[in-house]
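Take a look at the structure set out below.
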Amino acid sequence: GLYDGVESGDIAFYVVTENDNIVGMCSVSVLYSSYKCAYAGFLDNAYILPDYRKRGIFRRLIDYVFAALEGNGVKSLFTISSSIDEGMYKSLGFDDKLGVLLARSAK
């Protein structure tokens, strides 16, 4: 489960705080990708509280996360986006469209 992923280091959570309150967050799982033939981060659970949006907080969070990951050999960052959020992610540098994500779950 989630606890096991965090405990093992497979998932890292990054948070943004203001006055000791969490106002935004994301998680990243690192995997090996043939896209750059290097390690990549999969960005998930990205969220900024509505009252804190449009202040550049998410941009700073993503820049921080990517810099931290890059220092550990991660060469790219992936995410899944709804069509509504696609423009926002493109403005943050997610500009390589790699196709359609499909998933298969255990039965």
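The values are calculated or read from the model by the stated rules, or taken from the named source; none is laboratory data. Owing to the predicted nature of the structure, the values given are computational and were not obtained by experimental measurement. Glycine gets a Cβ as well: all are built from the backbone with ideal geometry, and neighbour counts include every protein chain shown. The protein model used for the area step is the full one, side chains on, heavy atoms only, and it has no ligands, DNA or RNA in it. Shrake-Rupley method; radii C 1.70, N 1.55, O 1.52, S 1.80 Å.
In table form, for the structure just shown:
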| read-out | value |
| --- | --- |
| Close pairs (9 angstrom Cβ cut-off, 6 or more residues apart or separate chains): in a loop (DSSP other than H, G, I, E, B) and modelled with pLDDT of 95 or more in region 22-42, open to solvent by 10 Å² or more (accessible area, probe 1.4 Å) and not aliphatic (A, V, I, L, M) anywhere | none |
| Scope region 84-107; condition of a type in the set (D, E, K, R), farther than 20 Å from Lys36 by Cβ and not in a loop (DSSP other than H, G, I, E, B); matching residues | Glu86 |
| Neighbours by Cβ (under 6 Å, 6+ apart or cross-chain): first from region 79-100, closer than 18 Å to Arg53 by Cα; second among the β-branched types (Val, Ile, Thr) and open to solvent by less than 100 Å² (accessible area, probe 1.4 Å) | Leu92/Ile62 |
| Hits in region 43-55 - residues which are closer than 19 Å to Asn21 by Cα, open to solvent by 30 Å² or more (accessible area, probe 1.4 Å) and not in a loop (DSSP other than H, G, I, E, B) | Asn45, Ala46, Tyr47, Pro50, Asp51, Tyr52 |
| Per-region count, region 61-83, residues touching a helix residue (DSSP H, G or I) at 6+ places or on another chain (Cβ under 7 Å) and over 16 Å from Ala38 (Cβ atoms) | 2 |
| Filtered residue count, region 81-95, keeping only those that are within 15 Å of Leu43 (Cα to Cα) and loosely packed, with under 10 Cβ neighbours inside 10 Å | 2 |
| Subset tally (residues that are surrounded by 14 or more Cβ atoms within 10 Å (Cβ to Cβ) and closer than 12 Å to Cys26 by Cβ) for region 61-75 | 6 |
| Only listed residue being under 12 Å from the mean Cα position of the chain (by Cα) and open to solvent by 40 Å² or more (accessible area, probe 1.4 Å), chosen from Phe78, Phe58 | Phe78 |
